[in-house]
């Protein structure tokens, strides 16, 4: 092969920082954090933490739950990402560790997206999963 026809690895593009492979942290992308802060301000909950949890239900068996909370539970996992505090109860963390919360403004499929490495199946709407 000549120099011009050799394949070269693609260059890395700047973008959200994903948690390292095998990471147990829960992180927010910059667009998710920006949108979350706007919602918190609108609801008068600036300074609250984002609480991620998992509840039974949904078409795939488990559903994501995102709320704002000003009380840390005794056994909560606590993370800081993009200037926001994230709480996750221990039971939910078993399903959510390593998850990245993203936000898209796409007209057809916009909104918050949870990129969960533990999910073995997700529903079409993206709000429920199985692990």
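Nothing in this text is a laboratory measurement; each read-out follows from the coordinates by a stated rule. None of the values given here were measured: they were computed from a predicted structure.
Some values worked out for this structure:
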{"item": "Euclidean distance between Cα centres, segment 38-69 to segment 85-121, Å", "result": "10"}
{"item": "Segment 27-130, relative contact order [Cα under 8 Å, separation at least 6], %", "result": "31"}
